[in-house]
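Written out below as structure tokens is the structure these notes cover.
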Amino acid sequence: MNESRSSDTNLTKNESLAKYIRHVKQIKKQAKSNSVTGVEFDNFLFIRYLNETDRNTLNSTKIKQFLCLLIRRRRKLLSYICVVCIIFCLVAYRNETSNIFMKNIQNYIYPLMSAWRLLTLPIIKVFPALTELYDESCLVSNPFFQVKDLDCRPCTGVINVLDLSSVPHNTENVPHIFKTNQTPIDIKTLNEIYTNHLDVFVNDANRVQSTNKNIKTLKDLFADFLNDTHQLDSHTLWRCNRMNPAQILRQIIPKPKRLPNSGMSIERYLAIDTAAAPPYRIPDVDCSSIFVIQLKGTRTILLRPTTECKHKCRTISVRLPQSYVLNFNWWYWKPISLPDHITKQPSISYIGAFC
């Protein structure tokens, strides 16, 4: 059998054709002996040949079509493979990815929002009521939020708050204070600004939060402080996060020169306290680098390490005099403002942030 196969492979084309004809004649002779006519045999042979040819052609065509489709879609296939690999890496290293994302996302929020604000300024000037859409009062902060495996090294070796007034540049993540040329601002100055721009503040920044239940608006606040005969000890927080009142406040409370020019948060707070106002936590702003400008009076700021770093970092405090600025990072510190028992004067603090 093997010898016949090897001999078949050595035949020429004419010899193979002659052998094929000889075999066909033998089959035709057997068919004739079995009462199969010549016409029937020819039809059978012809149909069998066509079926075999169509089958081979069809299989060859399908393979060619598949290869062509694969070549045309190789880019999509490579893209799908890359996406699958990226998803696999994100899932496999989800803790590391989450930490990197949470620590760096804050640095990009306000630069992008500032660019968007510049693009939309012409629209806002024509339709100023649209600034109300920027209000984020519907968002509720999560008090149980924690970052897994937060790197606490920036606060590990901190034992006190440094006065860097004579140092030209700030030290990142290390809490420090520095003196500015900020003009003292009292409650009368704020009342004058409020009166001169009454429409702006009533429409865009009129609500306040106070420990005194009788203080609900700016008008109530100024009436309480300017008529202090029977004034109750209170802490009042005035939030401003809209463009028009922010521009007015910027005229009397300019940004300290040593802070960066870009990435400043639009959200800001004014903490207005009586001399013996109860302690309170300084609110978190969208950006992580927070600064507190002491516009009037003196406060004692207690910096407690965050939950993630409380076992590695210690609690520190600093006395923040008038016209001084405290700068810290809320990834590592949660500040509490305490009344100053030496001066015993009302206090006004300006709270802002930058990314």
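The values are calculated or read from the model by the stated rules, or taken from the named source; none is laboratory data. Computed from a predicted model, the values in this text were never measured in an experiment. All Cβ positions, glycine included, derive from the backbone under ideal geometry; neighbour counts span all protein chains shown.
Taking the stretch 302-352 as the range and being within 21 Å of Asn181 (Cβ to Cβ) and of a type in the set (A, V, I, L, M) as the test, the residues that pass are Val318, Leu320, Val325, Leu326, Ile348, Ile351. Summed over the stretch 220-248, residues that are in contact with a helix residue (DSSP H, G or I) (Cβ under 8 Å, 6 or more places away or on another chain), within 30 Å of Cys287 (Cα to Cα) and without any contact (Cβ under 8 Å) to a residue 40 or more places away in the chain total 4.
Filtering Ile193, Ile215 for residues that are among the aliphatic types (A, V, I, L, M) and assigned to a loop (DSSP other than H, G, I, E, B) leaves a single hit, Ile215.
Has the stretch 329-339 got any residue that is touching a residue at least 60 places away in the same chain (Cβ under 8 Å) and surrounded by fewer than 15 Cβ atoms within 10 Å (Cβ to Cβ)? There is no residue in the stretch 329-339 that is touching a residue at least 60 places away in the same chain (Cβ under 8 Å) and surrounded by fewer than 15 Cβ atoms within 10 Å (Cβ to Cβ).
The combined condition, being in a loop (DSSP other than H, G, I, E, B), out of contact with any strand residue (DSSP E or B) (no Cβ under 7 Å at 6 or more places or on another chain) and under 30 Å from Pro111 (Cβ atoms), is not fulfilled by Asp233.
Conditions (1) touching a Ser or Thr at 6+ places or on another chain (Cβ under 8 Å); (2) of a type in the set (Phe, Trp, Tyr); (3) within 30 Å of Lys125 (Cα to Cα), marked per residue:
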site: Gln247; (1), (2), (3): no, no, yes
site: Thr274; (1), (2), (3): yes, no, no
site: Ala277; (1), (2), (3): yes, no, no
site: Thr306; (1), (2), (3): no, no, no
site: Ile348; (1), (2), (3): no, no, no
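When you look at Phe178, is it more than 32 Å from the chain's Cα centre (by Cα) and among the aromatic types (Phe, Trp, Tyr), yes or no? When the stated conditions are applied, Phe178 does not pass them.
In the stretch 71-165, counting only helices (runs of 4 or more DSSP H) that sit wholly within it, the ones holding 2 or more residues that are assigned by TED's automatic domain parsing to the domain that holds Asn203, at pLDDT 75 or above and surrounded by 10 or more Cβ atoms within 10 Å (Cβ to Cβ) span 153-156.
Of the residues making up the stretch 243-251, not a single one is part of a loop (DSSP other than H, G, I, E, B) and surrounded by fewer than 19 Cβ atoms within 10 Å (Cβ to Cβ). Among the residues making up the stretch 289-332, those that are within 25 Å of the chain's Cα centre (by Cα) and aliphatic (A, V, I, L, M) are Ile290, Val292.
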